[in-house]
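Here is the structure we will look at, set down as structure tokens.
The values are calculated or read from the model by the stated rules, or taken from the named source; none is laboratory data. Everything quoted here is computed from the prediction, not taken from an experiment. Please note: Cβ atoms are built from the backbone with ideal geometry, for glycine as well, and neighbour counts cover all protein chains shown.
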Amino acid sequence: MFKKVGSFVFTSFKYFCVAHCVTEHVADIFLCSGDSMEPSIHSGDLVIIQRFSKMIKNVDKGDVIIAKSPEEYNKFIMKRVKAVDGQMVRRGINYQVVPRGSVWLEGDNHTNSTDSWDFGPVPKGLIHGRVVCRIWPISHFSMNI
Amino acid sequence: MGVWCRVKNLLFGVAIGRTVIDTFGSVARVDGISMQPTFNPNTTVDFVFLSYIPVRFDSIKRGDIIVAISPRNPNETIIKRVIGVEGDVVVSKKKNNTSKIRNFIPRGYYWIEGDHKGHSYDSTSFGPISKGLVVAKVSVIIWPPSRWQLLQSQVNK
């Protein structure tokens, strides 16, 4: 009896560790909330993200990414990359050059989005992962967001 | 069957090891002179233990030594001392300039500096860093044995 419980605990611990490694280094599932990415991603969608790990570090203009919020480190934000290091962004008469090692993030919903125009360029180290595809709702499954 | 069983056990072992390392901490080598005299006082190279738990529970105070991802190059990590936490005002002097600059640290940011003033690439050049970039807290030097010690958190005036 005791042996059985012990082996059950060990087996679940093993699978928990495997799950941790997969979500930490390969891919993860996120539930989106909020309307800052409105035309492309709606509140309540489930997306698969590819973890931005030590191996895979390419981020390009136009990708949708998940990053840690620079102001609250335990919150995540989902935005679109508008510019990577060295490029220039412009809105109206304001323009800024993105420094090396940083990205410029903007929401698709310009009117209601807290983005780089509020907190400035985001260092690449804060990026958590790149959105690969939307899996829920199934009718809106799409690979290119 | 035997080979598959072994491969499976090996994979489980790697996963368990990785999880333990990701949860508790790992060992890293300190390069460079930016933290003299705390680290690398002579030509020796120090190895330190990075503990990830204080970062999870947000218990980093003024004076602690931390490891963070460099805001200019995401492949590099830097080791520095926390000088100011959110809400503080840090007064810094520019080189060959007597005027003082007052920096207010916004919410969710740290001001970090190396112990070796003037020879360190730190917040005086790139500004305060976000809390999300902080990876670990350094509390012990574990190698070489003659320098084995617990690191105190200290605030230089």
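Annotations
- Residue match in the stretch A:14-33 (condition: out of contact with any strand residue (DSSP E or B) (no Cβ under 7 Å at 6 or more places or on another chain) and more than 14 Å from chain B (Cβ to nearest Cβ)): yes
- Taking the criterion of being touching a residue at least 24 places away in the same chain (Cβ under 8 Å) and either assigned to a strand (DSSP E or B) or over 20 Å from A:VAL81 (Cβ atoms) (or both), the residues of the stretch A:1-41 that qualify are A:THR23, A:GLU24, A:HIS25, A:VAL26, A:ALA27, A:ASP28, A:ILE29, A:PHE30.
- Scanning the stretch A:71-88 for residues being under 17 Å from A:VAL59 (Cα atoms) and at pLDDT 80 or above gives a total of 10.
- Qualifying position, being within 14 Å of another protein chain (Cβ to nearest Cβ) and modelled with pLDDT of 85 or more, among B:ILE79, B:ILE66: B:ILE66
- Every pair of residues 6+ apart whose Cβ atoms lie under 6 Å, when the first sits in the stretch B:36-62 and is closer than 20 Å to B:GLN149 by Cβ while the second is exposed (fewer than 15 other Cβ atoms within 10 Å of the Cβ) and of a type in the set (S, T, N, Q): B:LEU50/B:SER26
- Against the list (1) under 18 Å from A:ASP35 (Cβ atoms); (2) polar (S, T, N, Q); (3) more than 14 Å from every other protein chain (Cβ to nearest Cβ), the condition A:THR114 fails is (3).
- Screening A:ILE127 against (1) within 14 Å of chain B (Cβ to nearest Cβ); (2) surrounded by fewer than 17 Cβ atoms within 10 Å (Cβ to Cβ) leaves a single unmet condition, (2).
- B:ILE141 falls short on exactly one of the conditions (1) crowded, with 19+ Cβ neighbours inside 10 Å; (2) within 14 Å of another protein chain (Cβ to nearest Cβ), and that condition is (2).
- Some residue of the stretch A:64-83 being among the small types (Gly, Ala, Ser), crowded, with 17+ Cβ neighbours inside 10 Å and either assigned to a strand (DSSP E or B) or in contact with a Pro (Cβ under 9 Å, 6 or more places away or on another chain) (or both): yes
- Considered as a group, the residues in the stretch A:1-59 that are within 20 Å of A:LEU126 (Cβ to Cβ) and of a type in the set (Asp, Glu) include one that is modelled with the highest pLDDT, and that residue is A:ASP28.
- Wholly within the stretch B:9-71, strands (runs of 3 or more DSSP E) carrying at least 1 residues that are in contact with a Lys or Arg (Cβ under 6 Å, 6 or more places away or on another chain): B:47-51, B:65-69
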